[in-house]
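J.: Below you'll find the structure I mean.
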Amino acid sequence: MTQRSATDRLERALADIAAGSAEGAWWHLDAAGARAAAGESDRRIAAGDAPRALEGALVGVKANIAVRGWPLTAGLAFRNETLAAQDAAMIARLRAAGAILLGSTAMDEAALGATGLTVRGPIRNPKSPGHSAGGSSGGSAAAVASGSCDFALGTDTLGSVRIPAAFCGVLGFKPTHGTIDDAGVVPVHAAFDHVGVLASGFDTMLRAMRVLTDQFDAADTPASIAGRKLAYASDLAEFGSSDLVRRAYARALDALRTRGASLTPLAIQPLELPKLRRAIFTLCEHALWQSHRERLARAPEEFSPTLQALLNYGGTLAQDKLDALSHLVRDFKSRCDAAMQSCEGLLLPTTPDPPFDLAQAPATNLADLTTLASALGAPALSIPASQRGEPIGLQLVGHRGADRFVLELGRELAAGL
C-alpha cells in the first residue's frame with residue numbers, strides 16, 4: 001500500500017487504536033493473526049515476489065461476517081462466545097490477495113438499526129465528536145474514518161453501509177444485490193441483505209471490489225460526466241432534509257451541470273419511500289423473529305428491550321400481512337424502474353440530516369433515502385460532500401449491474417465537489 005512495511009503500518013494502527021483513535025469501533029482485535037499476516041507480506045516483498053492485489057492492506061470486518069476463530073456476534077451479546085468455524089467466502093478472497101485482517105468492527109444489535117448505538121455503548125464518530133457514527137456498520141465506518149484500517153467490510157439491508165459512511169465522512173458502496181457472495185454472513189433478510197465496502201478513497205475501494213467480485217477488471221476507465229443523463233429529487237424538502245444537506249445537494253447538482261451532465265427532475269414523494277422503509281423493516285423484524293424465536297422465548301433477557309419489542313412484533317405478523325408488504329415492495333420496484341428508465345442514475349442525499357447528537361433521540365427517517373436502492377437491489381455509493389463542519393453524504397444510485405459505472409462516475413463527481 002505504501003513504502004512503509006506492512007508490519008510498521010500494522011503496529012502504528014494498533015498503537016493508535018490503543019490510544020483511543022477509534023473508540024468503540026473495534027470489538028475484537030486479532031493482533032497475533034494480523035502480525036503473522038504482516039510478517040508474511042513483508043517476507044514476500046523482501047524476496048522479490050510480485051505484490052498481490054491487496055498486499056499489506058489493513059482491513060476491518062463487520063462482526064456479522066465469519067472469520068475463522070473470531071467471535072461471530074452479529075452485535076448480539078449472547079453470541080460473544082460463538083466462534084466462526086471457517087472463513088466466509090469473501091474473507092478467503094481477501095486473505096489470498098494479501099490483506100491483513102485486523103479485527104471485527106462494532107455494529108447495532110442484530111444489524112437491525114442505523115444509529116451506531118450498540119449493546120456495548122455508542123460507537124464514537126471520529127469526524128464529528130459527540131455525534132452518531134451511524135449504523136449498523138458504524139464500527140466499520142469509524143475504523144476507516146480514524147485511519148485504523150484501509151477499508152472495511154460492512155453489510156447493508158436498508159442503508160447500513162451508506163448511512164455510517166455519510167455520518168463518518170468516508171466512501172460507502174453497496175453493490176448490486178448478490179455481487180459480493182454473502183455466504184458466511186449472519187442474515188437479516190436474504191432479499192435485502194448486501195455486503196458492501198467502506199473506504200477512504202476510490203483507489204482502495206476499486207482494489208477491494210476487484211478482489212471481492214469477478215465483475216471488476218483491472219482497467220480503470222474514468223466515466224465522463226459530460227452528456228450523462230442523471231435524475232435528481234425535485235421535492236427533497238418533503239423529506240424534512242436540513243438546510244445543510246440541501247445546500248450540499250444543490251452544490252453537487254451545480255457541479256454536474258457545469259460539467260455537462262443532463263439533469264432530469266424526479267418527484268420522489270410519490271414513490272412513498274417512508275412507507276417502503278417501514279415495509280422492509282417490518283419484513284426484517286419477522287425474518288429475525290424466525291431466526292431467534294426459540295431463544296427469545298427461552299431467554300428474553302439476552303436481547304435488549306428494544307430488540308425484544310421489535311422481534312416480538314415481527315412474530316405477530318400473519319401471512320396475509322407479510323404478503324401485502326412483499327407486494328408493496330414489488331410494486332415499488334416496478335414504479336421506480338419505470339421512473340428511472342430514461343436516466344443512467346439518480347443522485348440523492350444519503351441521509352436527510354447530518355449525524356445526530358448522541359444526547360438526543362435519533363430521527364426515524366435515517367434510512368428513508370437509502371431504502372430506494374435496497375429495495376431495487378441496485379448499486380449505490382455514498383460520497384463525502386461536506387466542505388466544512390458536519391459530515392454529509394451524497395448518494396449515487398445506478399441501475400442493477402451498473403456497479404462499475406456508479407463507482408467511476410462517483411469518483412468524477414467527488415473530484416468536483
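J.: If you go through segment 75-87 one residue at a time, do you hit one that is over 26 Å from ARG404 (Cβ atoms) and in a strand (DSSP E or B)?
T.: yes
J.: Quick check on segment 1-12: of everything there that is part of a helix (DSSP H, G or I) and touching a strand residue (DSSP E or B) at 6+ places or on another chain (Cβ under 9 Å), which residue is nearest to GLY139 (Cα to Cα)?
T.: The selected residue is LEU10.
J.: Among ALA110, ALA141, which is the only one that is aliphatic (A, V, I, L, M), surrounded by 24 or more Cβ atoms within 10 Å (Cβ to Cβ) and at positive phi? First the steps, then the outcome.
T.: Values: ALA141 fails: at positive phi.
Testing whether each residue is aliphatic (A, V, I, L, M), surrounded by 24 or more Cβ atoms within 10 Å (Cβ to Cβ) and at positive phi leaves just ALA110.
J.: Let me ask something else. Considering each of GLY60, GLY56 in turn, give the residue that is within 20 Å of the chain's Cα centre (by Cα) and buried (at least 18 other Cβ atoms within 10 Å of the Cβ). Lay out the reasoning, then the answer.
T.: On the way: GLY56 fails: within 20 Å of the chain's Cα centre (by Cα).
The conditions single out GLY60.
J.: Which residue out of GLY121, GLY39 is farther than 18 Å from VAL144 by Cβ and either surrounded by 17 or more Cβ atoms within 10 Å (Cβ to Cβ) or over 21 Å from the mean Cα position of the chain (by Cα) (or both)?
T.: Answer to the selection: GLY39.
J.: Give the residue, chosen from ALA15, ALA92, ALA38, ALA110, that is under 17 Å from GLY138 (Cβ atoms) and assigned to a helix (DSSP H, G or I). Working first, answer last.
T.: Numbers: ALA15 fails: under 17 Å from GLY138 (Cβ atoms); ALA92 fails: under 17 Å from GLY138 (Cβ atoms); ALA38 fails: under 17 Å from GLY138 (Cβ atoms).
From the options ALA15, ALA92, ALA38, ALA110, the qualifying one is ALA110.
J.: Let me ask something additional. Restricting to segment 35-53, and then to whatever is touching a helix residue (DSSP H, G or I) at 6+ places or on another chain (Cβ under 9 Å) and among the small types (Gly, Ala, Ser), can you tell me which residue is farthest from VAL119 (Cα to Cα)?
T.: Pass one, segment 35-53, residues touching a helix residue (DSSP H, G or I) at 6+ places or on another chain (Cβ under 9 Å): 35, 37-42, 45, 49-53.
Still in the list and also among the small types (Gly, Ala, Ser): 37-39, 41, 50, 53.
Values: ALA37: 30, ALA38: 31, GLY39: 34, SER41: 35, ALA50: 43, ALA53: 36 Å.
Ranking the candidates gives ALA50 first.
J.: To continue, here is another question. Among the residues of segment 9-26, is there at least one that is hydroxyl-bearing (Ser, Thr, Tyr), closer than 20 Å to THR204 by Cβ and modelled with pLDDT of 95 or more? Talk me through it step by step, then tell me what you get.
T.: Applying the first criterion (hydroxyl-bearing (Ser, Thr, Tyr)) to segment 9-26 yields 21.
Narrowing further to those that are closer than 20 Å to THR204 by Cβ: 21.
Adding the requirement that they be modelled with pLDDT of 95 or more leaves none.
No: zero hits.
J.: If we scan segment 362-369, do we find a residue that is β-branched (Val, Ile, Thr), out of contact with any Asp or Glu (no Cβ under 8 Å at 6 or more places or on another chain) and under 19 Å from GLY154 (Cβ atoms)?
T.: Quick first cut of segment 362-369, residues β-branched (Val, Ile, Thr) only: 364.
From the residues that got through so far, the ones that are out of contact with any Asp or Glu (no Cβ under 8 Å at 6 or more places or on another chain) too are 364.
Adding the requirement that they be under 19 Å from GLY154 (Cβ atoms) leaves none.
There is no residue in segment 362-369 that is β-branched (Val, Ile, Thr), out of contact with any Asp or Glu (no Cβ under 8 Å at 6 or more places or on another chain) and under 19 Å from GLY154 (Cβ atoms).
J.: Failed condition for ALA32, given (1) in contact with a helix residue (DSSP H, G or I) (Cβ under 9 Å, 6 or more places away or on another chain); (2) among the hydrophobic types (A, V, I, L, M, F, W, C); (3) part of a helix (DSSP H, G or I), with all others met?
T.: The number of the failed condition is (1).
J.: Go through segment 239-283 and give me each residue that's closer than 24 Å to SER136 by Cα, touching an Asp or Glu at 6+ places or on another chain (Cβ under 9 Å) and at pLDDT 95 or above.
T.: Selection gives LEU273, PRO274, LEU276, ARG277.
J.: May I pose another question? If you take the residues of segment 362-417 that are in contact (Cβ under 8 Å) with a residue 24 or more places away in the chain and among the basic types (Lys, Arg), which of them is farthest from GLY172 (Cα to Cα)?
T.: Checked segment 362-417; the qualifying residue farthest from GLY172 (Cα to Cα) is ARG400.
J.: Hey, could you check segment 41-53 for residues that are aliphatic (A, V, I, L, M) and part of a loop (DSSP other than H, G, I, E, B) and say which is nearest to SER140 (Cα to Cα)? Steps first, please.
T.: Our first condition is that a residue be aliphatic (A, V, I, L, M); within segment 41-53, this holds for 45-47, 50, 53.
Cutting the leftovers down to part of a loop (DSSP other than H, G, I, E, B) gives us 47, 50, 53.
Details: ALA47: 33, ALA50: 29, ALA53: 21 Å.
This residue is ALA53.
J.: Here is a further query. Does segment 130-152 contain at least one residue that is in a loop (DSSP other than H, G, I, E, B), of a type in the set (A, V, I, L, M) and in contact (Cβ under 8 Å) with a residue 60 or more places away in the chain?
T.: So far as segment 130-152 goes, yes, one or more of its residues are in a loop (DSSP other than H, G, I, E, B), of a type in the set (A, V, I, L, M) and in contact (Cβ under 8 Å) with a residue 60 or more places away in the chain.
J.: Looking at (1) surrounded by fewer than 24 Cβ atoms within 10 Å (Cβ to Cβ); (2) within 15 Å of the chain's Cα centre (by Cα), which one does LEU394 not meet, given that it meets all the others?
T.: Of (1) surrounded by fewer than 24 Cβ atoms within 10 Å (Cβ to Cβ); (2) within 15 Å of the chain's Cα centre (by Cα), only one is false for LEU394: (1).
J.: Right, something else. Counting just the residues of segment 67-89 that are within 16 Å of ALA34 (Cα to Cα) and hydrophobic (A, V, I, L, M, F, W, C), which one comes out surrounded by the most Cβ atoms within 10 Å (Cβ to Cβ)? Please lay out each step first, then the result.
T.: Start the filter on segment 67-89 by keeping residues that are within 16 Å of ALA34 (Cα to Cα), which leaves 67-71, 87.
Of the ones still in play, those that are also hydrophobic (A, V, I, L, M, F, W, C) are 67, 70.
On the way: VAL67: 26, TRP70: 23.
The qualifying residue surrounded by the most Cβ atoms within 10 Å (Cβ to Cβ) is VAL67.
J.: While we're looking at this one, here's another question. Among TYR313, TYR249, which is the only one that is touching a strand residue (DSSP E or B) at 6+ places or on another chain (Cβ under 9 Å), of a type outside the set (Asp, Glu) and within 28 Å of ASP331 (Cβ to Cβ)?
T.: Working: TYR313 fails: touching a strand residue (DSSP E or B) at 6+ places or on another chain (Cβ under 9 Å).
On inspection, the qualifying residue turns out to be TYR249.
J.: Restricted to segment 154-167, and to residues that are out of contact with any Gly (no Cβ under 7 Å at 6 or more places or on another chain) and not polar (S, T, N, Q), which residue is surrounded by the most Cβ atoms within 10 Å (Cβ to Cβ)?
T.: GLY159
The values are calculated or read from the model by the stated rules, or taken from the named source; none is laboratory data. Predicted model, so just to flag it, every value in this text is computed and none were measured. Cβ: placed from backbone, ideal geometry, glycine included. Neighbour counts: every protein chain shown.
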